[in-house]
Amino acid sequence: MFEGSNVPLEKWFYAIYVFLSHKKGISSIQLSKDIGVTQKTAWFMLTKIRHNLNETDRFIANKFDSEVQIDETYVGGKPKGRIWQNQGRSLKQKTPVVGILSHDRVYTLVVPNTSGRTLKTIIYSLIKPGTTIVTDGWKGYHGISPEYVHQVVYHKKGSYKNKEGFHTNGIEGFWSHLKRGLIGIYHSVSPKYLQFYCNEFTYRYNTLNLLDGERFIQFITSIHKRLKYHDLAYA
């Protein structure tokens with residue numbers, strides 16, 4: 001991650017520690033002031049850090065089991081034109097994100113849509129057969145393999161817990177935290193870079209029980225992905 005960088009390691013380490021310690025992150029403008037670099041340099045440093053927070057390979061190797069909650073959210077800016085065109089599951093200005101949450105970890109993935117094919121591909125790739133899956137009543141979840149135990153909570157009927165006592169409050173709480181961070185710290189995020197920010201909030205949630213120093217050491221000892229500005233700009 002540091003290869004080819006003209007930024008001294010002490011500034012890198014400070015940026016990583018502060019970034020991982022803040023509950024809602026730190027803006028590139030604030031970081032640039034803190035370490036004495038340009039805003040563009042600070043933004044690229046933060047993007048490199050977020051790139052190394054992608055844990056997809058680990059989740060594929062260590063799939064979810066027992067009981068999980070799955071939900072989708074839509075991230076987008078202020079609606080332009082007719083408000084009704086940007087409400088609910090509209091993709092005109094919003095980008096869908098799928099989340100899977102268990103009792104101790106969460107995984108998020110930016111997706112092109114929330115069709116049944118997209119959702120089931122994620123489920124079969126990341127969740128072990130026999131797992132209890134809790135979702136809302138969205139049609140994309142219909143027909144999940146009988147190898148799973150599918151519990152549905154019908155929010156449209158005004159219910160937030162089904163008769164068996166299952167709910168999706170955990171993943172919805174995570175979405176609330178993600179969106180507050182995006183709006184409060186970063187103000188707006190383009191669809192192109194949204195996955196990087198999802199990586200950030202996912203990693204922070206998954207290391208919630210670590211001390212700031214422990215989280216820093218865990219990250220430093222696991223980074224291995226290089227990201228060039230040219231690759232990022234033309235991705």
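Tell me whether the range 178-200 contains one or more residues that are of a type in the set (Val, Ile, Thr) and closer than 25 Å to Lys120 by Cα. Checked the range 178-200: no residue is of a type in the set (Val, Ile, Thr) and closer than 25 Å to Lys120 by Cα.
Identify, please: which residue in the range 165-186 is among the β-branched types (Val, Ile, Thr) and part of a helix (DSSP H, G or I) and is, among those, modelled with the highest pLDDT? Spell out the reasoning first.
Here is the first cut: in the range 165-186, the residues among the β-branched types (Val, Ile, Thr) are 168, 171, 183, 185.
Applying the additional criterion that residues be part of a helix (DSSP H, G or I) yields 171, 183, 185.
On the way: Ile171: 96, Ile183: 90, Ile185: 90.
Per the stated criteria, the residue is Ile171.
Taking the conditions (1) loosely packed, with under 13 Cβ neighbours inside 10 Å; (2) over 27 Å from Tyr74 (Cβ atoms); (3) modelled with pLDDT of 90 or more in turn, Gln218 satisfies each one other than (1).
Picking from residues in the range 88-104 that are at pLDDT 95 or above and farther than 14 Å from Lys179 by Cα, the one that is surrounded by the most Cβ atoms within 10 Å (Cβ to Cβ) is Leu101. In the range 99-126, the residues that are aliphatic (A, V, I, L, M) reach residues that are in a loop (DSSP other than H, G, I, E, B) with C-beta atoms within less than 6 angstrom, at least six apart or across chains, in these pairs: Leu126/Lys63.
Determine if the range 150-160 includes at least one residue that is without any contact (Cβ under 8 Å) to a residue 60 or more places away in the chain and closer than 25 Å to Leu46 by Cβ.
Filtering the range 150-160 for residues without any contact (Cβ under 8 Å) to a residue 60 or more places away in the chain gives 150-160.
In the following step, the residues that additionally are closer than 25 Å to Leu46 by Cβ were identified as none.
Within the range 150-160 (the criterion being without any contact (Cβ under 8 Å) to a residue 60 or more places away in the chain and closer than 25 Å to Leu46 by Cβ), the answer is no, since none of the residues qualifies.
Would you mind finding the one in Tyr141, Tyr186 that is within 27 Å of Arg58 (Cα to Cα) and surrounded by 15 or more Cβ atoms within 10 Å (Cβ to Cβ)? Before the answer, list the steps.
Working: Tyr186 fails: within 27 Å of Arg58 (Cα to Cα).
Just a single option satisfies the conditions, and that option is Tyr141.
Counting the residues of the range 51-66 that are under 11 Å from Ile127 (Cβ atoms) and acidic (Asp, Glu) gives 1.
The values are calculated or read from the model by the stated rules, or taken from the named source; none is laboratory data. Since we're looking at a predicted model, the values are computed, not measured. Because the Cβ atoms are built from the backbone with ideal geometry, glycine has one as well, and the counts that use them run over all protein chains shown.
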